[in-house]
1. Averaged across B:29-41, how many Cβ atoms of other chains sit within 10 Å of each residue's Cβ atom?
2. Based on the mean of other beta carbon atoms within 10 Å per residue, what is the order of A:299-310, A:193-204, most packed first?
3. In Å and on Cα atoms, what radius of gyration and Dmax does chain A show?
4. Where does the charge balance sit around A:Cys332 when Lys and Arg score +1, Asp and Glu -1, over other residues with C-beta under 11 Å from its C-beta?
5. Give me the extension gain from A:Thr251 to A:Val398: residue separation times 0.36 nm, minus the current Cα-Cα distance, reported in nm with one decimal.
6. Take peptide B:14-25, look around each residue's Cβ out to 10 angstrom, count Cβ atoms belonging to other protein chains, and average those counts.
7. Specify the inter-centroid distance of the stretch A:314-374 and the stretch A:1-74, based on alpha-carbon positions, in whole Å.
8. Per-residue counts of other Cβ atoms within 10 Å, averaged by peptide: what ranking do you get for A:169-178, A:248-257, highest first?
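No value in this document is a laboratory result; all are computed from the given coordinates. In this text, all values refer to a predicted model and were calculated from it rather than measured experimentally. Ideal geometry is used to build each Cβ from the backbone, glycine not excepted, and the neighbour counts take in all protein chains shown.
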Amino acid sequence: MNFAPQPFSEAGTLLVCALVFMVPLAIAGLALLNTGLGRSRSAAQSMLGSLCILAVAAISYFAFGFAFEGYAGLPQHTVLIAGKPWGWLATGPFFMHGLPLDGSPASLAAMLQIFSVALAALIPWGSGADRLRLRAGCLSTVLFAGLVYPLFSHWAWGGGWLAQLGANYGLGRGFADAAGAGTLQVLGGLTALTIVWIAGPRYGKFQRGQQPAVFPGHHIVFVLLGSMLMLAGWIGLNGAGSLLFAGIAPTGIVLVAVNTVLCASGSVLTAFFVTHYRFGKPDASLSANGWVAGLAASSAICASVTPAAALLIGMMLGGAIPFLAETLELRCGIDDPTGGISMHAGGGLWGLFALGFMGRFGVPVLGQLLAQLAGIATLLGFVLPLAYATNWLLNKLVAFHSGGEGERAGMDMYELGAGAYPEFVIYADEFLPR
Amino acid sequence: MKFTGFLLLLMGWILVLTAIVLLPRQGSRAAFMLAGIAVELLGLVLVARTYLLESEVSQ
């Protein structure tokens, strides 16, 4: 969406800061969810990896991510196509040099994204759980936070060509993504898909002529607690994103928070009932997937739909998520322990699409829908091949999959030399009758 | 096969961009954009099928 950012008042700046400081709760929640859905013998590696990925993402984004992404109103490289300017890359200096960190909209956007890019980078880490090496995850994050993410987010948020589709071609208000359904969730989900494709499944997951083996998550309490923490983080993310990238007034935060909760609530309850109906009992991990998918979709719609529409969008999504997760596993042979691809990419794509026909922008629906489709087409047609190419090359340098030894011993012992739950180990001689 | 799938993904995206730039009427623009997305989905299915076949061979 194209808009001219205005400086915030002191109260507005404080509000944005408070909202941004809630975002780490979403990171912690996603880290817990990823860990809980993995095996117990990979739990320490998963949590340490989440911490390292947070750090690598923040440094990469600081070093060159923001330089490539920029912000609306800052200088950018443009090419003229049929007489219209297409902004494709920001021209800022590396290391945020020259960016005054003084509460200006650009500095607040940089602060928000130092956190939010880490949130997106944790999605592939979760999908590669139980076999992805730590150093591969960190190096992949450098490429993600420093190249793939800034490129697309410049197009959508930094005044690039997707944001300008409305002004240049009359497509509604241009591609709208208030808080990162596309730039964070779909980008993270599609990168997760490439990681899973490249690393391959866990050993024993798919056997010829048999149903896929079930590797249940080791700590469902982590999963559900993480889901609850993510709500608080997501309200911060959606609120700050809507203020900084959609240009809403601070009073609009109320609508953003209500829509976020309603979308996630509709999604989790529908997923709960769908799994209850299909399996006889509700499935906790698929219900948590429904919750997170609703949050991902809410990032697109939070500032621009009515609460009733947000609830409806969430309910429709929640009904589809269990089937999508099942299809990816059974039909496509995708081993995604956390369901990150279906909940983040699926939820984000649905949110972006639904915004096209349910968003209240005061412009013809068809134009806005086409702008949304252009963004979706870019994510699938450009970002996915780019993410695959970068990770494929990286896999040639550092093997993603730990190999059989890593999976047998567990990633904790293989990479860290110590497990997360040492007292879980049962020594047979202690239980022998004396 | 996999390369062809990714090529189709890219070609579909270029079709969408071309429709935005060259077609002034919303109706024809929408039709060509949908066609571009259909090409992308074809590419995605092809990549997914290739991955599945490779996995089956390696089992």
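1. 3
2. On the way: A:299-310: 24.7, A:193-204: 22.1.
Ranked by mean Cβ neighbours within 10 Å, highest first: A:299-310, A:193-204.
3. Every Cα atom of chain A included, Rg and Dmax give 21.2, 88 Å.
4. Taking every Cβ under 11 Å from that of A:Cys332, the sum is -2.
5. On the way: separation 147, 0.36 × 147 = 52.92 nm, distance 4.85 nm.
Length gained, A:Thr251 through A:Val398: 48.1 nm.
6. Values: counts 3, 2, 9, 8, 0, 3, 13, 7, 1, 1, 2, 0.
Taking all residues of B:14-25 together, the mean is 4.
7. Between the Cα centre of the stretch A:314-374 and that of the stretch A:1-74, the gap is 22 Å.
8. Those peptides, ordered most packed to least, come out A:169-178, A:248-257.
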